[in-house]
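So the structure is just underneath, and the comments pick up after that.
The values are calculated or read from the model by the stated rules, or taken from the named source; none is laboratory data. Since this is a predicted model, take the numbers as computed values, not measurements. Counting neighbours? That spans all protein chains shown, and the Cβs are built from the backbone with ideal geometry, glycine included. Note: accessible area is taken over every heavy atom of the protein model, side chains too, but ligands, DNA and RNA are not part of it. Shrake-Rupley method; radii C 1.70, N 1.55, O 1.52, S 1.80 Å.
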Amino acid sequence: MNRKHRRAGKTQGKPSTLGVDVQRVFADAVRHHQVGRLRESEMLYRKILEIDPRHADSLHFLGVMACQVGRQDLGIDLIAKAIKINAGIAPYHFNLGNAFQDLGQSERAADCYRRAIDLKPDDAAAFNNLGNALRNLGQLDEAAVCFRKALALSSSFADAHDNLGNVLMDMGRVNDAIVCYNNAIRLERNRAQTHYNLGNALCGLGQFGEATNCLRMAIALKPDFIDAHNNLGNALRECGRLDEAAACFRRVLDLNPDHALAHSGLGSVLWRWGQFDGAAISFRRALHLRPDLAEAHAGLGVALAEMGRLEEAVACQRRALALKPDDVDALHNLGTSLMGLDQLSEAIENCHQAIGLKPDFADCHFNLGMAYLFDEDFTRGWEEYEWRLKRQGEVPGRFSNLPQHMWSGDRGDGRTILLWTEQGAGDSIQFVRYIQEVLKLGWNVILEAPSDLKALFNGIEGVSLVDQGGGLPHFDVHCPLLSLPRIFGTVLETIPAGVPYLAAEEDCVAVWRERLRQEEFGHGEAGVVPRIGLVWAGNPAFRHDAARSPRLGAIAPLLAVKGVEFFGLQMGDGRRDLADYAMPPSFTDLASHITDFADTAAIIANLDLVITSDTSVAHLAGALGKPVWVMLQAVPDWRWLRDRDDSPWYPSMRLFRQAQRGDWLSVMDAVIRELKLFVSSRLPGGLRDSVIG
């Protein structure tokens, strides 16, 4: 809000009995006042009032001076006395309005400005200040009219352009507001507040890069502009420039350690860095300072959810929504947390509420799709799941602007379709089963595959492979693999579950058959001593990997089962666990011999069973038709569905679920019990007691 106190106006011009002396003293008082020598000025105003207590101009300017030094109550009293003496002077009413406005009494201020305008209808400043008062009263349309009248009287009135921009922002007319801010800056380049306002408006349009330039200009003009530093941090965060954003929030906290918004902003950056404990601390600091800060409650809820503290997360997100019921992000995050607690009905309801407020909310549609799929409502689930392709960064750039259209399910009649992989290796392995359905419709199929899957997928009959990220041959239509279930109308009963639909390369299987006979790799006779493949951790880049991966420490009791050869198929980060445990002679680590999924498939072909956490190896073993036991968290990924120990996707799979979140002990008890039975069933009768005992 921009306005200026009137420091001068039409004087009474009353000669009085003292004649020229009063006028001369008054003129001297005004000169002192104008250059900021308030003490000298006050002495002269009071000298006049000692001579003439009804000298209205002196009362008026003493009132203005009182307001300048923060004594608005005294100022109002003095200006009111001047008005009582002479109610026909417009500046008196104008400055009385300013005094009321300073006290937040916008209704009384508006009455004063209206009286000033009645007395002086061409007063652009009075219209401007009346607009500000009306804006404070929520009378936005009337405020906009006032600012436009001010500009009609003075088109170069930069404050009025800025203030009109502010009220248009309040009305949601962001583009119109930006025009006003640019007009104000064109008239007065060095307006820090207007550059700040323009930056905020650009943020409202999602133009964060342009916004940063405006906010930096505001800071250059006013280096200690705390709100500009804070909002620059917000804009930089949205641009993904997290280091710079954190520096901005820390700069705010250097200037004001009690700035709640900066603590909250820093928390949001720490959350994006995966520093959830630090994020929670920052959000809690914000809430200590401002318990009603909805965004901090919401941020704390997200941080706690990432830490697996879902009940606390739900409480925070509910508090955020109590403070800000139309916060679509909080609704979405609450739905996600409720899904993690297996409260699907309420999760779905929250997603619908968020989508009702923001129909194109792709992330929320995607989560709604997963909720439906988890609840076995595949028809609605696949439709909502398709929104993943509208999520930021979800579709590889090479596929986002292709001239060829996405396949809708029509017949091929000899034309060529390009299928491309997305998400993780496990997803690709799960959904390549649909390629046979595509072939049945007369399409020539090209499959773009990542390097670690290419050799494995090379065995899919009727398919040509191209390297992921490489040059693309001619094709007529394209489709991501995970859109195929929707196109084929898959429901629970029609999942194409015939296995195996992938096969290990025969020569590679033979090589591994021979290797596993060697002393280096095994200790038992093939076909007598069961060979079990083990995987205990997934890809840590997956945001919820910590919850789904038991790690080696949790499955260590399994290694005590007698009469078994264990083979470590663990790749990646999970291998770090091996340094912390003395592995028994029955365990052989094969990871150094594995180069891709084709190697893993060949090894699995020579095993009797695979026991794994929720990883790509689970999908691989299932696709090969090999017995596979999957250890699952209490509320797993949607594809494992609810409350069942089998998988409709993989007939050879058994599921072992946590009884409660984080409870891998109960999972291990069940797996060990079943493994002993598995071993017993494969041994000659006379050997069984030594194994199970």
Candidates A279, A320, A296, filtered to the one that is in contact with a Phe, Trp or Tyr (Cβ under 7 Å, 6 or more places away or on another chain), surrounded by 17 or more Cβ atoms within 10 Å (Cβ to Cβ), farther than 23 Å from A547 by Cα and modelled with pLDDT of 95 or more: A296
Pull up the range 282-293, narrow it to residues that are of a type in the set (D, E, K, R) and in a helix (DSSP H, G or I), then point me to the one that is most open to solvent (accessible area, probe 1.4 Å). R285
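If you check C180 against the conditions, is it over 30 Å from I83 (Cα atoms) and within 24 Å of the chain's Cα centre (by Cα)? Break it down into steps so the answer makes sense when it comes.
Details: over 30 Å from I83 (Cα atoms): yes; within 24 Å of the chain's Cα centre (by Cα): no.
No, not satisfied.
Does D614 satisfy the criteria of being in contact (Cβ under 8 Å) with a residue 24 or more places away in the chain and surrounded by fewer than 21 Cβ atoms within 10 Å (Cβ to Cβ)? Steps first, answer last, please.
Working: in contact (Cβ under 8 Å) with a residue 24 or more places away in the chain: yes; surrounded by fewer than 21 Cβ atoms within 10 Å (Cβ to Cβ): no.
Considered against the rule, which asks whether it is in contact (Cβ under 8 Å) with a residue 24 or more places away in the chain and surrounded by fewer than 21 Cβ atoms within 10 Å (Cβ to Cβ), D614 comes out as no.
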Just give me the residues in the range 325-384 being in a loop (DSSP other than H, G, I, E, B), closer than 24 Å to S647 by Cα and open to solvent by 60 Å² or more (accessible area, probe 1.4 Å), in sequence order. Q343, D375, E376
S264 being buried (at least 24 other Cβ atoms within 10 Å of the Cβ), of a type in the set (S, T, Y) and part of a helix (DSSP H, G or I): yes
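So, V679, is that one over 28 Å from Q423 (Cα atoms) and among the β-branched types (V, I, T) or not?
Yes; evaluated as a whole, the condition is true for this residue.
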Pull out all pairs, ordered by first then second residue, where Cβ-Cβ is under 8 Å, the residues are six or more apart or on different chains, the first lies in the range 578-591 and is in contact (Cβ under 8 Å) with a residue 60 or more places away in the chain, and the second is surrounded by 14 or more Cβ atoms within 10 Å (Cβ to Cβ) and among the aliphatic types (A, V, I, L, M). S586/L559; S586/V564; L590/L569; L590/I603
For the range 420-454, give me each residue that is more than 23 Å from R398 (Cα to Cα) and among the hydrophobic types (A, V, I, L, M, F, W, C). L439, L441
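Taking S58, is it open to solvent by less than 30 Å² (accessible area, probe 1.4 Å) and at pLDDT below 95?
Answer is yes for this residue.
Which of the residues that make up the range 557-575 are farther than 23 Å from H593 by Cβ, small (G, A, S) and surrounded by fewer than 20 Cβ atoms within 10 Å (Cβ to Cβ)? Quick ask: steps written out before the conclusion?
At the first step, the residues of the range 557-575 found to be farther than 23 Å from H593 by Cβ are 557, 560-563.
After this cut, where a residue has to be small (G, A, S) as well, the list is 560, 563.
Within the range 557-575, just A560 meets the criteria.
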Which numbered condition trips up D57, out of (1) in a loop (DSSP other than H, G, I, E, B); (2) touching a residue at least 24 places away in the same chain (Cβ under 8 Å); (3) not β-branched (V, I, T)? (1)
Expected output for the range 213-239 (first residue open to solvent by 30 Å² or more (accessible area, probe 1.4 Å), partner assigned to a loop (DSSP other than H, G, I, E, B), Cβ below 6 Å, 6+ apart or cross-chain) is L221/N190; I226/N256
Does A537 qualify as being among the hydrophobic types (A, V, I, L, M, F, W, C), assigned to a loop (DSSP other than H, G, I, E, B), out of contact with any Cys (no Cβ under 6 Å at 6 or more places or on another chain) and modelled with pLDDT of 95 or more? yes
Quick test of your reading of the structure: R411 fulfils all but one of (1) modelled with pLDDT of 95 or more; (2) open to solvent by less than 60 Å² (accessible area, probe 1.4 Å). Name the failing condition by number. (2)
Single residue of the range 591-604 satisfying the filter (more than 38 Å from the chain's Cα centre (by Cα) and at pLDDT below 95) that is least open to solvent (accessible area, probe 1.4 Å): H593
In the range 149-173, which residues are within 15 Å of D123 (Cβ to Cβ) and surrounded by fewer than 18 Cβ atoms within 10 Å (Cβ to Cβ)? A152, L153, S154
The conditions are (1) among the acidic types (D, E); (2) under 30 Å from M169 (Cα atoms); (3) buried (at least 17 other Cβ atoms within 10 Å of the Cβ), and D141 fails exactly one of them. Which is it? (3)
